[in-house]
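Colleague: First the structure, then my questions, so here it is.
The numbers here are math on the coordinates, done by the rules we state, and not lab data. If you're wondering where the values come from, they're calculated on a predicted model, not measured in any experiment. We place every Cβ from the backbone using ideal geometry, glycine too, and count neighbours over all the protein chains shown.
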Amino acid sequence: METAIWQNFNQSEVLFAGISNTNNQNMINNFVEENSLTYPILFDPGSSGGVQGGDTYDLYYMPNDGSPYPRDFVIDQDGIIAYANNEIDTAWMLSVIYELLASDSGLLGDVNQDGFVDILDIINVLNYILGTLIPTESQFNLSDVNQDNALNILDVVLIINIILN
């Protein structure tokens, strides 16, 4: 989580926090140090400080779904759970986060943000791929249609498919 999620995103775009069910600061500090964590760790209010969770645990507990502890959630820009899983699956989490970021910043493929996906967007992406133009972060995200963190011919093909469909 530290390197796959927290360190890969601008903190103004993606908020990330761990939630602990213990208020024992020594235990939290040891956990943070042992795992080299730099993201914030919050205390779950209502927790007795033992193995039982608090208010957050009770609200998001997912029975009969692997681990008894709710582990990973992605909450969208409207406060709706977009992802919940009791087992760590950073690849899936990343795909959900990239999709949310793209939907928040515009229509995938609409690189020039004119409200249409058309040949002008293809020309821009080809210029980015060839190095003729350097995309902004937003232009890169809108160009990277398959969300693989690389601009290449696959993104051009996907934009063509968007246009044709």
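Colleague: Whole-Hz ³J(HN,Hα) for each residue in region 3-10, computed from phi via Karplus 6.51 cos²θ - 1.76 cosθ + 1.60 with θ = phi - 60°, x for glycine and proline: what do you get?
Modeller: 8, 6, 10, 3, 7, 8, 10, 5
Colleague: Let me ask something additional. What list of ³J(HN,Hα) couplings, whole Hz, do you get for region 149-158 from phi and the Karplus terms 6.51, -1.76, 1.60, once you set θ to phi - 60° and write x for glycine and proline?
Modeller: Per-residue couplings from phi come out as 6, 9, 9, 7, 4, 4, 5, 4, 4, 5 Hz.
Colleague: On to the next question. What net charge do the residues around Ile5 carry, taking every other residue with its C-beta under 14 Å from that of Ile5, with Lys and Arg at +1 and Asp and Glu at -1?
Modeller: The answer is -3.
Colleague: Against the longest principal axis of the chain, how steep is helix 25-34, in degrees 0 to 90 to the nearest 10, with axes from Cα atoms?
Modeller: The angle comes out near 50 degrees.
Colleague: Find, to one decimal place in angstroms, the Kirkwood hydrodynamic radius of the chain, where the mean of 1/r is taken over every pair of different Cα atoms and then inverted.
Modeller: When all Cα pairs of the chain are included, the Kirkwood radius is 18.3 Å.
Colleague: Moving on to the next point. Would you pull out the residues with amide H under 5 Å of Ile41's amide H, same chain only if 5 or more places away, H placed 1.01 Å from N?
Modeller: Result for Ile41 returns Gly18.
Colleague: Please order Leu59, Leu100 by the number of other Cβ within 10 Å, starting at the fewest.
Modeller: Leu59, Leu100
Colleague: Taking θ as phi - 60°, what are the ³J(HN,Hα) couplings along region 121-136 by the Karplus curve (6.51, -1.76, 1.60), each to the nearest whole Hz, with x for Gly and Pro?
Modeller: Couplings: 5, 4, 4, 4, 4, 4, 5, 5, 5, 6, x, 5, 10, 10, x, 6 Hz.
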